[in-house]
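The values are calculated or read from the model by the stated rules, or taken from the named source; none is laboratory data. Just so it is clear, the model here is predicted, and its values are computed rather than measured. Cβ coordinates were reconstructed from backbone atoms using ideal geometry, including for glycine residues, and neighbour counts include every protein chain displayed.
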Amino acid sequence: MSGLEDLYREIILDHYRSPRNRGELPVPPAKKLEGFNPLCGDEIVLYVDVDDDAGTVSDIRIGGQGCSISQASSSMMGAAIRGKSLSEARQLIRAFKALMSIHESRLEGDADGEDRAADLEGVRLGDLEALQGVVKFPVRIKCATLAWNTLAQGLDEGNGAATS
């Protein structure tokens, strides 16, 4: 398994060193969303442009600062979410959050573990699977999910995303 762990480590470092979709978008039409993890100081700023007519995330830009896990996860999220319909984006959010919690749930015998496994069914996570090892370090899960939780909250707050 060491080879796979090395590959995953390289993917995370690549996204940390060369983040995708870095920058800002004009507000409006984009919405600005901010997330903060007080436990470690990670900060995420998302600029999300939702095409309401098509119901898609037409563009996403990411700013902020933090540890390699939070920054790599936000970079991977931007690459995965851009161009997706809002329902696909929400499904991807659920699948990623399930990935971050499924290991823990199974260890604890959590009945919701099966529901979380169902969230992963049929969803291709690609590079995001590199973050699967984070579940071994529960304190780091919040780092990996910060951008995802920020996006989910924004999508849930009317018209696709919320202004900050």
Checklist entry - Looking at the stretch 31-68, which of its residues are among the hydrophobic types (A, V, I, L, M, F, W, C), closer than 21 Å to Ala89 by Cβ and under 15 Å from the mean Cα position of the chain (by Cα)? => result Leu33, Ile44, Val45, Leu46, Val48, Val57, Ile60, Ile62
Next on the checklist: Let me spell it out: the conditions are (1) among the aliphatic types (A, V, I, L, M); (2) at pLDDT 90 or above; (3) touching a Ser or Thr at 6+ places or on another chain (Cβ under 8 Å), and Ala30 meets all of them except one. Which number is the exception?
Outcome noted: (3)
Next on the checklist: Can you list residue pairs whose Cβ atoms sit under 6 Å apart, with the first residue in the stretch 85-109 being under 18 Å from Leu146 (Cα atoms) and the second being part of a loop (DSSP other than H, G, I, E, B) and modelled with pLDDT under 90? Count only pairs 6 or more apart in sequence or on different chains.
Outcome noted: Ala95/Val123
Item to check | Checking Val50 against (1) surrounded by fewer than 15 Cβ atoms within 10 Å (Cβ to Cβ); (2) more than 21 Å from Lys136 (Cα to Cα); (3) hydrophobic (A, V, I, L, M, F, W, C), the condition it does not meet | outcome: (1)
